[in-house]
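Worksheet: the structure to be examined is printed underneath.
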Amino acid sequence: MRWKDGRRSSNVEDRRGETPSYSSAASAAPLLLRFLPALIRSKTGRTLLIVGVLVIVGGRLLGVDVLSLFLGGGGSTNQAPPSFSQQEQELADFTSVVLADTEQTWHNYFRHLGRDYREPTLVLFSGRVSSACGMATAAVGPFYCPGDQQLYIDLSFFHDLKARHGAPGDFAQAYVIAHEVGHHVQTLLGISRQVQAAGQGRSKAEVNALSVRQELQADCFAGLWGHAANTERNLLEAGDLEEALRAATAIGDDRLQREAGQRVVPDSFTHGTSAQRVRWFRTGFDGGDINACDTFSGESL
């Protein structure tokens with residue numbers, strides 16, 4: 001990809017090297033709530049609560065998360081900034097440029113739809129991260145949380161994409177980012193809410209089938225971005241499309257189950273087969289038509 005001269009997005013939040021400080025506080029909340037009524041009824045308890053609140057507020061003013069320190073979840077919020085290698089920083093820059101380019105693409109699409117596009121925030125993390133969807137580790141891979149409308153990526157996933165899944169290349173990485181942005185688009189258009197409502201009271205297999213259609217649409221939306229990046233801004237180089245298709249193939253449910261030594265069980269699929277993921281990415285990439293990304297109509301995927 002010709003990305004190095006591209007605009008960097010202002011919507012990147014770098015949390016690499018940070019340790020989420022309130023996971024212990026969150027896990028302890030039910031226990032605290034259990035004893036709260038008894039504390040309120042007791043004069044001594046009320047005094048302790050008041051003192052505790054004052055200590056916590058005072059600590060915050062001094063830059064210390066007293067509650068997390070007390071519960072074992074962390075300490076000072078004024079951590080020294082982590083240092084990264086040139087390669088790691090370049091990968092972060094690349095991610096920012098891709099996000100910026102998706103912003104341009106989706107602003108244009110939403111304008112044609114007569115709507116405003118609300119840009120998501122992309123959070124870079126290392127190891128584990130706290131989101132509105134809960135605590136997550138790098139093992140889950142990149143994900144989008146509709147609760148806070150943010151994308152979360154541990155950049156080590158891109159190494160796994162190359163080494164473990166055999167899908168190297170910058171456009172393979174860009175496809176992953178664009179796919180998660182596709183979920184944000186689904187949230188803005190109300191599609192995610194409709195899918196969630198449609199799954200109420202359904203069997204596990206039926207819910208999985210809805211998830212497959214939603215994920216394949218996100219692949220198609222990623223293809224729409226690729227189409228615009230290629231035809232409008234000439235960002236793609238020879239071999240880039242093949243990189244994305246190789247990545248889509250590598251993370252198909254059927255292939256992942258085989259690689260894990262498991263029996264292929266279609267009812268357990270949540271993202272679609274390799275062939276389906278390739279097909280829907282190409283649908284978006286080749287035509288650039290958002291109306292062609294309707295994965296919810298028709299029987300065949």
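Need one word for the range 85-293: rounded, prolate or oblate. Basis is the Cα gyration tensor (sqrt eigenvalues a ≥ b ≥ c); a/c below 1.5 gives rounded, then a/b vs b/c decides. Walk me through the intermediate numbers first.
On the way: a/c = 1.23, a/b = 1.08, b/c = 1.15.
Cα axes put the range 85-293 in the rounded bin.
Only Lys, Arg, Asp and Glu count, each charged at its Cβ (+1, +1, -1, -1), so figure out the dipole size of the range 85-293 about its Cα centre, rounded to 20 debye. Kindly include the intermediate steps, with their values, before the conclusion.
Details: 18 positive and 26 negative charges, 166 e Å.
Roughly 800 debye, rounded to the nearest 20.
Share of antiparallel DSSP beta bridges in the range 72-221, in percent to the nearest 5?
Working: 7 of 12 bridges.
Around 60 percent of the beta bridges assigned by DSSP in the range 72-221 are antiparallel ones.
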- P(r) histogram, all alpha-carbon pairs of the range 76-144 included - 10 Å bins from 0, percent: 15, 34, 35, 13, 2
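Which trypsin sites (Lys or Arg not before Pro) from the range 225-285 combine a DSSP loop assignment with at most 12 other Cβ atoms within 10 Å? Walk me through the intermediate numbers first.
On the way: sites: Arg233, Arg246, Arg255, Arg258, Arg263, Arg277, Arg279, Arg282; in loops: Arg233, Arg263.
Passing both the DSSP loop test and the Cβ count: Arg263.
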- Message: Could you check the spin-label model distance between Lys204 and Ser10? Points 7 Å from the Cα along Cα→Cβ, value in nm.
- Response: 4.7 nm
- Output ordering of 209-222, 170-183, 144-157 (per-residue mean of other Cβ within 10 Å, highest first) is 170-183, 209-222, 144-157
- Query: How much net charge surrounds Asp240 when only the other residues with a Cβ under 12 Å from the Cβ of Asp240 are counted, with Lys and Arg +1 and Asp and Glu -1?
  - Reply: -2
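Can you give the FRET efficiency to the nearest 0.05 for Gln89 and Thr137, using r as the Cβ-Cβ distance and R₀ = 30 Å?
Working: r = 23 Å, r/R0 = 0.76.
For Gln89 and Thr137, the calculated efficiency is 0.85.
Each reported figure results from applying straightforward, stated rules to the coordinates on display, with no laboratory input. As the structure is a prediction and not an experimental result, all values here were calculated from the model. For neighbour counting, all protein chains shown are included, and Cβ atoms are generated from backbone atoms with ideal geometry for every residue, glycine included.
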